[in-house]
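The values are calculated or read from the model by the stated rules, or taken from the named source; none is laboratory data. Remember, it's a predicted structure, so these values are computed and weren't measured experimentally. FYI the Cβ positions are ideal-geometry reconstructions off the backbone, even for glycines, and counts take in every protein chain you see. Ligands, DNA and RNA are stripped out before the accessible areas are found, and what is left, the full protein with its side chains, is counted by its heavy atoms. Shrake-Rupley method; radii C 1.70, N 1.55, O 1.52, S 1.80 Å.
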Amino acid sequence: MERLVNVERVCVRGGLYEVDLNQGECYPVYWNQADKIPVMRGQWFIDGTWQPLEEEESNLIEQEHLSCFRAVHSFKLSRNHVDWHSMDEVYLYSDATTSKIARTVTQKLGFSKASSSGTRLHRGYVEEATLEDKPSQTTHIVFVVHGIGQKMDQGRIIKNTAMMREAARKIEERHFSNHATHVEFLPVEWRSKLALDGDTVDSITPDKVRGLRDMLNSSAMDIMYYTSPLYRDELVKGLQQELNRLYSLFCSRNPDFEEKGGKVSIVSHSLGCVITYDIMTGWNPVRLYEQLLQKEEELPDERWMSYEERHLLDELYITKRRLREIEERLHGLKASSMIQTPALKFKVENFFCMGSPLAVFLALRGIRPGNTGSQDHILPREICNRLLNIFHPTDPVAYRLEPLILKHYSNISPVQIHWYNTSNPLPYEHMKPSFLHPSKEPTSVSENEGISTIPSPVTSPVLSRRHYGESITNIGKASILGAASIGKGLGGMLFSRFGRSSTSQPSETSKDSMEDEKKPVVPPSTTTVATQTLPHSSSGFLDSALELDHRIDFELREGLVESRYWSAVTSHTAYWSSLDVALFLLTFMYKHEHDDSAKSSLDPI
């Protein structure tokens with residue numbers, strides 16, 4: 001006891017909490033919690049459940065037990081009394097009237113007092129603590145990033161992460177009990193610390209239906225903040241700094257984590273997927289806007305100009321170019337004197353998106369399908385080892401990512417996530433891509449266009465969703481498109497034009513090339529259109545030559561009695577407590593951990 005008094009804080013629950021023995025309180029280490037967690041000393045426990053008695057009553061029983069124990073002895077508490085029938089037979093009885101009547105009746109029937117209505121107590125816990133007792137080594141940490149609405153319910157991400165952690169614990173005990181390692185989930189609460197506009201939005205909010213307006217201000221307003229050039233950087237920095245702070249804090253308390261090659265994954269939800277993606281890739285709309293203006297200034301003017309006007313414009317162009325050269329040299333000197341640090345202090349092993357609208361944001365930024373099945377088309381492997389997109393089929397906020405890499409994957413079924421209680425499920429890397437609508441498999445293309453042709457962002461609109469159309473409500477779809485269109489604050493047209501210019505890359509000095517770009521696409525002289533069929537085996541699966549390097553879209557299975565319209569309301573928040581999702585996450589983390597011990601590269605999946 002003397003040694004314990006001198007210790008101020010003790011880590012419990014795998015290092016997630018600290019106990020202040022002097023104050024008798026418990027505090028979470030990696031997140032803030034308004035409610036204080038009391039700490040009580042456990043001496044006397046209830047038989048069966050092994051729940052401790054209240055500390056005050058436990059202390060009174062302990063004093064009585066040590067001072068005046070007799071073979072048959074009774075001790076009165078406030079609402080109960082305790083009987084000692086022997087040294088190790090101690091029973092707790094309620095003094096309520098109904099309990100007394102029940103005891104009297106049962107004893108007259110021949111039952112003993114102990115067996116009739118008493119609760120047996122044990123002095124000490126069912127298992128004694130040993131010096132070897134310690135949690136498994138944490139080899140993988142998962143940062144859980146929330147989306148919108150956190151300002152409305154500041155503790156929500158902590159509760160959601162706790163549900164995900166609890167589900168993961170059950171899955172670990174059931175499927176990964178032979179592993180001596182451990183995966184830890186840490187909530188990333190980044191929104192509540194940001195002031196943004198202060199109370200300006202609240203001051204301009206009308207009073208009618210105030211509750212509904214406040215809910216929208218605390219949730220959907222985050223999308224408007226993120227598409228605003230004024231507040232976007234503040235949101236990005238808020239999440240970036242919180243991720244780095246949590247990682248540094250974890251490493252300081254677990255010094256062996258980095259030395260032994262600990263891995264870090266990120267699970268993001270809703271808008272959090274977009275912000276996390278932008279942090280990892282360094283995407284900045286302001287920089288794109290500046291590049292676009294620079295390109296527009298360098299393009300020749302097509303209207304007729306006099307000799308004097310053209311001469312002045314040439315001088316202006318030379319002056320601006322010289323000014324840019326000086327600015328670039330100045331920036332280069334500043335950059336050489338400053339150490340460029342990456343946005344995150346760690347390499348992201350897996351980036352799990354849940355209920356993610358990321359595909360819509362990328363499509364509005366001009367991302368179009370490419371001609372290779374590599375994840376690098378949207379997220380380079382140097383930045384993140386693997387991107388995985390998890391969604392419920394009726395989630396109105398979630399969209400697919402694979403058709404942004406290879407266009408024909410819009411007609412390929414996403415991978416079905418296994419039920420957590422499925423016995424001997426087929427490994428995900430062995431599941432072959434299959435067609436959603438085999439009847440729609442043939443596609444008509446012109447003779448000079450192949451499957452691998454990169455479509456122009458101008459002439460190729462975003463693919464209509466041919467799957468789950470009936471399960472995604474028009475309201476949900478319109479809300480996402482409307483929210484994403486807010487990004488046109490910088491000019492959605494500018495983004496699309498930038499995407500066009502980056503694809504076509506017109507010459508700076510050639511007017512002919514600019515005129516050619518503006519001409520409509522004219523088909524070849526012959527009007528014959530060939531019908532080309534995607535190669536596939538006779539079993540109806542996609543040919544391996546047209547497959548992605550590894551699958552990205554993973555779909556949860558719908559319940560047998562689940563209403564699609566009702567689940568469209570609830571499915572966006574159904575990921576946190578899902579045992580199927582927990583098994584999916586741990587399957588990839590433990591599998592990769594096993595693969596890394598055999599070889600450094602990951603198998604395609």
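For the reader, a short list of remarks on this structure follows.
- Options 59, 32: the member that is at pLDDT 80 or above, out of contact with any strand residue (DSSP E or B) (no Cβ under 8 Å at 6 or more places or on another chain), assigned to a helix (DSSP H, G or I) and surrounded by 12 or more Cβ atoms within 10 Å (Cβ to Cβ): 59
- Apart from one condition, residue 258 fits all of (1) surrounded by 20 or more Cβ atoms within 10 Å (Cβ to Cβ); (2) among the charged types (D, E, K, R); (3) over 24 Å from residue 582 (Cβ atoms); the exception is (1).
- Pair list, Cβ < 6 Å and 6+ apart or interchain, from the range 22-36 residues that are in contact (Cβ under 8 Å) with a residue 12 or more places away in the chain to residues that are loosely packed, with under 13 Cβ neighbours inside 10 Å and outside any loop (DSSP other than H, G, I, E, B): 26/37
- Every residue from the range 176-197 that is touching a Ser or Thr at 6+ places or on another chain (Cβ under 7 Å), surrounded by 15 or more Cβ atoms within 10 Å (Cβ to Cβ) and modelled with pLDDT under 90: 181, 182
- Residue, modelled with the highest pLDDT, within the range 80-124, restricted to residues that are assigned to a loop (DSSP other than H, G, I, E, B) and hydrophobic (A, V, I, L, M, F, W, C): 96
- Condition check for residue 355: in contact with an Asp or Glu (Cβ under 8 Å, 6 or more places away or on another chain), within 30 Å of residue 147 (Cβ to Cβ) and at pLDDT 70 or above: yes
- Residues being open to solvent by less than 30 Å² (accessible area, probe 1.4 Å), among the acidic types (Asp, Glu) and within 21 Å of residue 349 (Cβ to Cβ) - total across the range 375-433: 1
- In the range 343-356 there is no residue that is in a helix (DSSP H, G or I), loosely packed, with under 15 Cβ neighbours inside 10 Å and not small (Gly, Ala, Ser).
- Applying the condition of being at pLDDT 75 or above and surrounded by 10 or more Cβ atoms within 10 Å (Cβ to Cβ) to the range 125-137 and asking which residue is nearest to residue 65 (Cα to Cα) yields 125.
- Some residue of the range 306-317 being of a type outside the set (Asp, Glu), in contact with a Cys (Cβ under 6 Å, 6 or more places away or on another chain) and either open to solvent by 80 Å² or more (accessible area, probe 1.4 Å) or modelled with pLDDT of 80 or more (or both): no
- Taking each residue of the range 163-177 that is farther than 10 Å from residue 586 by Cβ and looking for partners that are open to solvent by 30 Å² or more (accessible area, probe 1.4 Å) with beta-carbon atoms closer than 6 Å, six or more apart or interchain, yields 163/577.
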